[in-house]
1. Restricted to the range 80-91, and to residues that are buried (at least 22 other Cβ atoms within 10 Å of the Cβ) and modelled with pLDDT of 80 or more, which residue is nearest to the chain's Cα centre (by Cα)?
2. Quick one: which helices (runs of 4 or more DSSP H) lie wholly within the range 238-308 and hold at least 1 residues that are among the acidic types (Asp, Glu), buried (at least 19 other Cβ atoms within 10 Å of the Cβ) and without any contact (Cβ under 8 Å) to a residue 60 or more places away in the chain?
3. Out of all the residues in the range 92-103, which are over 17 Å from Met398 (Cβ atoms) and surrounded by fewer than 22 Cβ atoms within 10 Å (Cβ to Cβ)?
4. Suppose we filter Leu337, Leu328 for residues that are modelled with pLDDT under 80, more than 23 Å from Ala421 (Cα to Cα) and part of a helix (DSSP H, G or I); which single one remains?
5. Please work out which residue is surrounded by the fewest Cβ atoms within 10 Å (Cβ to Cβ), limiting yourself to the range 160-180 and to residues that are more than 16 Å from the chain's Cα centre (by Cα) and either more than 30 Å from Ser332 (Cα to Cα) or not aliphatic (A, V, I, L, M) (or both).
6. Just to be sure I understand, how many residues within the range 92-135 are within 19 Å of the chain's Cα centre (by Cα), hydroxyl-bearing (Ser, Thr, Tyr) and under 14 Å from Leu153 (Cβ atoms)?
7. Go through the range 138-149 and report how many residues are in a helix (DSSP H, G or I) and surrounded by fewer than 23 Cβ atoms within 10 Å (Cβ to Cβ).
8. Mind listing whichever residues of the range 150-173 are under 17 Å from Phe192 (Cα atoms), part of a helix (DSSP H, G or I) and in contact with a Phe, Trp or Tyr (Cβ under 7 Å, 6 or more places away or on another chain)?
Amino acid sequence: MNGARSDAGPHSAARPTPDTPPDPEPDARPTHQGALGAARAWKERTFHALRWPHFRRYWQSQMLSLVGSWMQTTAQSYLVLELTNNNSAALGWVTVAQFTPSLLLSLFAGAVIDRAPRRRILLATQSVLMVTALVLAVTTHLGVVTLPLVMVLAFVSGMANAFDMPARQTLASDFVPREDFANAVALNSLSFNVSRTLGQAVFGVVAALGVTLLGGGNADNLARLAVPFYLNVASFVVVLWVIATLPFPPRETGGRPAVLTDIAEGLRYVRRTPSIRNTLILLGLLSLTIINFNVIIPYFARAVYGLREAGFGFLNASFGVGAMIGALWQASRPNPLRNLRLGAVLLLASGLALAVAPGGVIAAAVLACCGFAMLTFLISANSSVQLTVPNALRGRVMSLYSLVLVGSAPLGAIISSSMIAQGGPLGPKWGLAALAGVAGVCVLALWRHLPRTLPPQTLPPQAQPPASQLPAQATPGSRTLPAQPGD
């Protein structure tokens, strides 16, 4: 291709068909009878994008790696609370250090993602994340870890994630056709939250095992928390191998304008597109108020309910189970955008319910509702943006999405930790109720301006997987279009 850089791997010459044939036209669909048929139809509808083998390989490897990452995230929060004697402000400042790079670098990262081969970006970012996990593991194991070191490592990881997160969010357009695109977005969220559930649930078991393996039988020895970090390092090896061997499509690099011009073009597109603009505004406002469970859950577990590792992991896992159910439900929906308002309302209601939950068991049930609501809202918002934006602007717009979601986390962490750290037994609960109330005002202000469906005129050009995954022939009933040049 003239002016294109190849990012294809060693298997890019092969042309396998998807593992299952494309859906027939509606009048030719088989009729499923009974519960077994309904279950089979639900499975096919929910996991439809996994019929594309390259997307499936990446999806599976990411799930494994994310289990390790969520173990590390949970262990890091617990480590900070132990180092600071349950200081929620310290936990908030670590979150600030982790997400500030996204605030500073996301727009630049988007321009880079639209220019550079995604394989190189992902190999670099995943390698940096692996090294930071290794440093955290060794220093915790040796007992020399400090809060400033945790903050520095969180900042370095945040720099890598500023490029890694939007790059991973754009991969669905490389490996699946457009009719499976919304499903692929939902499945990516599903893998994230299945991994979250497993990682947070396993954390308690792994930390308890660490008491024997590294802690010398002392349940208060910080070395026990190094085990989740070591396991995360191991998980990166698998995903690095998969990224190195996947056949990425070529990247169009000829005649690109300056980086600042690219960034300005992406910002102008968002400003001129009300559905994306209003979705991002609401996303940012909720991220500043109620979508800060990485601060809320650890503090409530330790300071409000007095839970240790097992109970802490149980609350986190409950949230993850709800999020996983929300992601599965969204993946099975033909139009996930319709649930944007529903997810926002449920998020506010569950936040208020958590504020009045009297104990850990009820809080776990409420947190499952919080997880369901948050994923319903986030997948709807992500689908709204990704199904509207054209491929040429995808990296820049998704970087802006990450900037709003992740870049607002530092300020959101400060706001949330300040509100829930009020004195007295009811202080944290009143603080959480106030956060939910402010979020409710934001939802009401934007209610009429949120998208319900995608107008036909805003649909982007057909997204296609690389030629290595396209069927050899496209039949009239297959809905699979000829391959386009690299994006």
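1. So in the range 80-91, the residues buried (at least 22 other Cβ atoms within 10 Å of the Cβ) come out as 80, 88, 91.
Applying the additional criterion that residues be modelled with pLDDT of 80 or more yields 80, 91.
Details: Val80: 23, Leu91: 20 Å.
Out of the qualifying residues, it is Leu91.
2. none
3. Trp93, Val96, Ala97, Thr100
4. None of the other options fit; the residue is Leu337.
5. Glu179
6. Within the range 92-135, residues that are within 19 Å of the chain's Cα centre (by Cα), hydroxyl-bearing (Ser, Thr, Tyr) and under 14 Å from Leu153 (Cβ atoms) number 2.
7. Residues of the range 138-149 in a helix (DSSP H, G or I): 138-142, 147-149.
Right, trim to surrounded by fewer than 23 Cβ atoms within 10 Å (Cβ to Cβ) and you get 138-139, 141-142, 147-149.
The qualifying residues number 7.
8. Ala172
The values are calculated or read from the model by the stated rules, or taken from the named source; none is laboratory data. As the structure is a prediction and not an experimental result, all values here were calculated from the model. Because the Cβ atoms are built from the backbone with ideal geometry, glycine has one as well, and the counts that use them run over all protein chains shown.
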